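First the structure, in the form of structure tokens, and then the observations on it.
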Amino acid sequence: MNAIAQVRPEGERRVAPSRVAPSALALLESARQGLAASECDSSAAGRFVGAHLAALRAAAAMVAARAEPPSVRRRRPQSVWELLPRVEPTLSEWAAFFAAGAGKRAAAEAGLPRAVSIREADELLRDAATFVSLAESALGVPAQSLLPLPAAI
């Protein structure tokens, strides 16, 4: 019997769900929680940074789940946005999109005035939610919708 598919009595084959490393699942959960927290953030910078970091965690989950062990030869460090197209070519445009926004995220994190507008933050939040869903789908993980986090009392 194949580990990927089971033979059913009628002779049909059913593909078993893919196994995803716990570390990758934890990164996806962290991405979803980051999206939920970003939705509740009232500042444009906070929303933008949170959304970008959520996308970064989802990309890291993809790389963690699919990357081959590193070779013995040392290479220069690479960002997750450089590694993502190698493990999931269908997300190459997303990788380029989020890589291009890294400087803006850094400016927002640094507290630079007018680093991002609320519109940019809201658009990135929607894009990051789409990307997280795509990453979950690519890994065969059921998409999860998190309820907004409860307000602190």
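Scanning segment 33-73 for residues that are surrounded by fewer than 16 Cβ atoms within 10 Å (Cβ to Cβ), in a loop (DSSP other than H, G, I, E, B) and not hydroxyl-bearing (Ser, Thr, Tyr) turns up ALA67, GLU68, PRO69, PRO70, VAL72, ARG73. Could you tell me whether segment 46-55 includes any residue that is among the basic types (Lys, Arg), modelled with pLDDT of 95 or more and within 16 Å of SER133 (Cβ to Cβ)? No, segment 46-55 contains no residue that is among the basic types (Lys, Arg), modelled with pLDDT of 95 or more and within 16 Å of SER133 (Cβ to Cβ). Within segment 95-120, the set of residues being surrounded by fewer than 12 Cβ atoms within 10 Å (Cβ to Cβ), among the basic types (Lys, Arg) and at pLDDT 95 or above comprises ARG119 only.
Taking segment 94-114 as the range and being in contact (Cβ under 8 Å) with a residue 12 or more places away in the chain and either within 18 Å of TRP81 (Cα to Cα) or in contact with a Phe, Trp or Tyr (Cβ under 8 Å, 6 or more places away or on another chain) (or both) as the test, the residues that pass are TRP94, ALA95, ALA96, PHE97, PHE98, ALA99, GLY101, ALA102, LYS104, ARG105, ALA108.
Screening SER92, SER71 for residues that are farther than 18 Å from ASP122 by Cβ, modelled with pLDDT under 95, out of contact with any strand residue (DSSP E or B) (no Cβ under 9 Å at 6 or more places or on another chain) and of a type in the set (Gly, Ala, Ser) leaves exactly one candidate, SER71. Does THR130 count as free of Cβ contacts under 8 Å to residues at least 12 places away in the same chain, in a helix (DSSP H, G or I), of a type in the set (Val, Ile, Thr) and out of contact with any strand residue (DSSP E or B) (no Cβ under 7 Å at 6 or more places or on another chain)? Here the answer is yes, as THR130 does meet what is asked.
The values are calculated or read from the model by the stated rules, or taken from the named source; none is laboratory data. Just so it is clear, the structure is predicted and the values come from calculations on it, not from any experiment. All Cβ positions, even for glycine, are placed from backbone atoms using ideal geometry, and neighbour counts span all protein chains on display.
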